[in-house]
1. Enumerate the pairs (first residue in region 49-64 and touching a residue at least 12 places away in the same chain (Cβ under 8 Å) and under 13 Å from L13 (Cα atoms); second residue anywhere and charged (D, E, K, R) and assigned to a helix (DSSP H, G or I)) with beta-carbon separation below 6 Å, excluding pairs fewer than 6 apart on the same chain, so at least 6 apart or on different chains.
2. List the residue pairs whose Cβ atoms are under 7 Å apart, where the first residue sits in region 19-30 and is within 18 Å of K57 (Cα to Cα), the second is part of a loop (DSSP other than H, G, I, E, B) and not acidic (D, E), and the two are 6 or more positions apart or on different chains.
3. Counting only residues that are within 23 Å of R22 (Cα to Cα) and basic (K, R), how many does region 36-64 have?
4. Among the residues of region 55-64, which ones are surrounded by 11 or more Cβ atoms within 10 Å (Cβ to Cβ), over 15 Å from D5 (Cβ atoms) and of a type in the set (A, V, I, L, M, F, W, C)?
5. Counting only residues that are surrounded by 13 or more Cβ atoms within 10 Å (Cβ to Cβ) and modelled with pLDDT under 95, how many does region 1-48 have?
Amino acid sequence: MTAIDLPADLIDLERACWDAIREQRLTTGLAHAAQERITAWARDAGHDRYTVEAAVKKAVRHAE
């Protein structure tokens, strides 16, 4: 996968979702907000949404 320069707000939003998942408090509102933001950014940046979502999840869940 080609590296994508992800904006900090995408990382922060996914981190909030991941923390909520681990604490069993994820709401549909938070999940929907993250999905909408990822989709909008991917569209505006000319990237495939799936690729952006995978990159964001990797950056948060599998940080090196």
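The values are calculated or read from the model by the stated rules, or taken from the named source; none is laboratory data. Values in this document were obtained by computation on a predicted structure and should not be read as measured data. Glycine also receives a Cβ, built like all others from the backbone with ideal geometry; neighbour counts cover every protein chain displayed.
1. Pairs found: V56/E14; V60/E14; V60/R15.
2. A20/L26
3. 4
4. Taking region 55-64 as the starting set, the residues that turn out to be surrounded by 11 or more Cβ atoms within 10 Å (Cβ to Cβ) are 55-61.
Of the ones still in play, those that are also over 15 Å from D5 (Cβ atoms) are 57, 60-61.
If the condition is that a residue be surrounded by 11 or more Cβ atoms within 10 Å (Cβ to Cβ), over 15 Å from D5 (Cβ atoms) and of a type in the set (A, V, I, L, M, F, W, C), then V60 is the only one that fits.
5. Residues flagged as surrounded by 13 or more Cβ atoms within 10 Å (Cβ to Cβ) and modelled with pLDDT under 95 within region 1-48 amount to 1.
Listed here are the residues, each with its yes/no results for (1) in a helix (DSSP H, G or I); (2) under 13 Å from K57 (Cβ atoms); (3) of a type outside the set (A, V, I, L, M).
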position: D5; (1), (2), (3): no, no, yes
position: I11; (1), (2), (3): yes, yes, no
position: E14; (1), (2), (3): yes, yes, yes
position: E36; (1), (2), (3): yes, no, yes
